Amino acid sequence: MSRPTGFADLAGRRVGVFGLGIEGRATVARLRGLAADVVTVDDDSSVGADLATRAGGLEALERCDVVIKGPGIPRRRADVRGLEDAGVPVVSALDLWLHGVDRRRVIAVTGTKGKSTTTALIDFALRCLGERSQRLGNIGLPPYDPALDTSSGWLVVEVSSFQSLDLTVAPGIVVVTSLGSDHLDWHGSLAQYHADKLHVTRAPGEHVTLIADPRLRETHGDLLGGIVEVAAADHTGLADALHLLGHHNDANVGLALAAASRVTGRELAAVRAAVRARASEFVPLPGRLTLVAELERHDHRWRFVDDGLATAPLPVVAALEVVAHEPVALIVGGQDRGVDYAPLARAVAARRPPTTLLVTGQAGGRIGEAVRALAPHIPVVAARDLAGAVRAGRDALPTGGVVLLSPGAPSFDQYENWEHRSAVFAMAVTVLVDEWSLGRDSNP
């Protein structure tokens, strides 16, 4: 069949769903009662797919009229190219959904860091203005999930670099928070990652691209599409009122205000005033510099902070800026996806207060090596798990400081996702604090 441009084109067709993660399961649900037959295939034989890739799955997909690929499967992978060479169109569910919705109501948010927070902020700003809004994508349910009603209101969708590359049409507004280094194992190179990340801005269709950093237009202008506008950072203290830590959130707030102003036609000052009036209602995302516990004893104070959503070097650097004047035990590591950890190592090496690096997983080993090369005086301690890292971090701060989980790498080497890793961190902290409270731990 010809390449479909919406879910309606799949009526009565044999459809393959390649990848049965959250997006894949939502896709299967969307296809019920529409497709004549649905074949599910995944690399992992334990996730409940009809077939595994190595057990006849690829052959089954070749017999489909169209294959909907999950975002975690690289478009440039040999088996994906093989399907298209065999004449089977390979598409994404997000792209199919975009073709069938009023794209003027869609605000897509992408970036190396800050996209989850900015997505939440845009949704909150719109609600403060009395508008109907939903936050979707990586920060919520996939927008094509049949459990959702997306027939009205604003649709704020967090879009990963994996998803961006598969889009053949642009949302009405594309928000770019930042551009750093991430997912090089998926994209192949830093230059390709940047091109793929910004692909959504170059997709056809009338749209505006909002950027936070004007230098992006100078350094990557050839990769930006649409009408490019710069959203100035907000320096009015609104980020503090929203309980957001770090100067980088001034840029995120500025993007959110600009996006809400652009789509509603309200003056920027009016949007800011509406958000400030309800700022106390905003709940920062878990895993974004979230204070898990605080303990004071003998005039010393320890804080345990969860920044588990920091799965790339750039957000870890931002987190270190927030605690720039405090002793820190930094927990890093996880799945190694080949990114450049030199910027993170430089940020750790440049710190003046006492710093200890707790490393886990393959990525942790690489980060530790990079830090040792620049700053041999900084202790690097290997931890088998998060519970051990939390205790080692506490021991490294005898007079107080911050035990900071800001891993700089994905969680999939040991955990289901970043939320699972953050939950394990919080539990380890809770156990430690309970021991302190009961007087079973004498170290403090």
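Going through (1) aliphatic (A, V, I, L, M); (2) exposed (fewer than 13 other Cβ atoms within 10 Å of the Cβ); (3) over 19 Å from Glu131 (Cα atoms); (4) modelled with pLDDT under 95 one by one, Ile227 falls short only on (4). What number of residues in region 350-378 are part of a loop (DSSP other than H, G, I, E, B) and surrounded by fewer than 17 Cβ atoms within 10 Å (Cβ to Cβ)? Residues flagged as part of a loop (DSSP other than H, G, I, E, B) and surrounded by fewer than 17 Cβ atoms within 10 Å (Cβ to Cβ) within region 350-378 amount to 6.
When Val283, Val292 are checked against the criterion of being part of a strand (DSSP E or B), of a type in the set (A, V, I, L, M) and modelled with pLDDT under 95, a single residue qualifies: Val292. Residues that are of a type in the set (Val, Ile, Thr) and outside any helix (DSSP H, G or I) were ranked within region 210-263; the one that is nearest to Arg104 (Cα to Cα) is Ile227.
Conditions tested, residue by residue: (1) of a type outside the set (Ser, Thr, Tyr); (2) touching a helix residue (DSSP H, G or I) at 6+ places or on another chain (Cβ under 8 Å).
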{"residue": "Asn252", "(1), (2)": "yes, yes"}
{"residue": "Ala258", "(1), (2)": "yes, yes"}
{"residue": "Ala273", "(1), (2)": "yes, no"}
{"residue": "Leu291", "(1), (2)": "yes, no"}
{"residue": "His298", "(1), (2)": "yes, no"}
{"residue": "Arg301", "(1), (2)": "yes, no"}
{"residue": "Gly308", "(1), (2)": "yes, yes"}
{"residue": "Gly334", "(1), (2)": "yes, yes"}
{"residue": "Tyr341", "(1), (2)": "no, yes"}
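Taking region 119-146 as the range and being among the charged types (D, E, K, R) and in contact (Cβ under 8 Å) with a residue 60 or more places away in the chain as the test, the residues that pass are Glu131, Asp145. For region 31-74, a residue qualifies if it is outside any loop (DSSP other than H, G, I, E, B) and under 13 Å from Val91 (Cβ atoms), and the qualifying residues are Leu31, Leu61, Val66, Val67, Ile68, Lys69. Filtering Ala319, Ala269, Ala329, Ala347 for residues that are exposed (fewer than 15 other Cβ atoms within 10 Å of the Cβ) and either among the small types (Gly, Ala, Ser) or touching a residue at least 24 places away in the same chain (Cβ under 8 Å) (or both) leaves a single hit, Ala269.
Taken as a whole, the structure places Arg301 among residues that are over 18 Å from Gly237 (Cβ atoms), part of a strand (DSSP E or B) and among the charged types (D, E, K, R). Residues in region 196-224 that are in contact with a Pro (Cβ under 9 Å, 6 or more places away or on another chain), over 16 Å from Ser161 (Cβ atoms) and buried (at least 21 other Cβ atoms within 10 Å of the Cβ): His207 only.
Only one entry of Arg54, Arg13, Arg32, Arg63 meets the criterion of being modelled with pLDDT under 95, out of contact with any helix residue (DSSP H, G or I) (no Cβ under 7 Å at 6 or more places or on another chain) and of a type in the set (Lys, Arg), and that entry is Arg54.
Has region 323-340 got any residue that is assigned to a helix (DSSP H, G or I) and of a type in the set (Val, Ile, Thr)? No, the conditions are met nowhere in region 323-340. The residues listed here are Ala233, Ala258; of these, the one that is in contact (Cβ under 8 Å) with a residue 12 or more places away in the chain and over 19 Å from Gly180 (Cα atoms) is Ala258. Residue count for region 9-25, restricted to those that are surrounded by 21 or more Cβ atoms within 10 Å (Cβ to Cβ) and aliphatic (A, V, I, L, M): 3.
The values are calculated or read from the model by the stated rules, or taken from the named source; none is laboratory data. Bear in mind that the values here come from a model prediction, so they are computed numbers and not experimental data. So basically every Cβ, Gly included, is an ideal-geometry build from the backbone, and we count neighbours across all protein chains shown.
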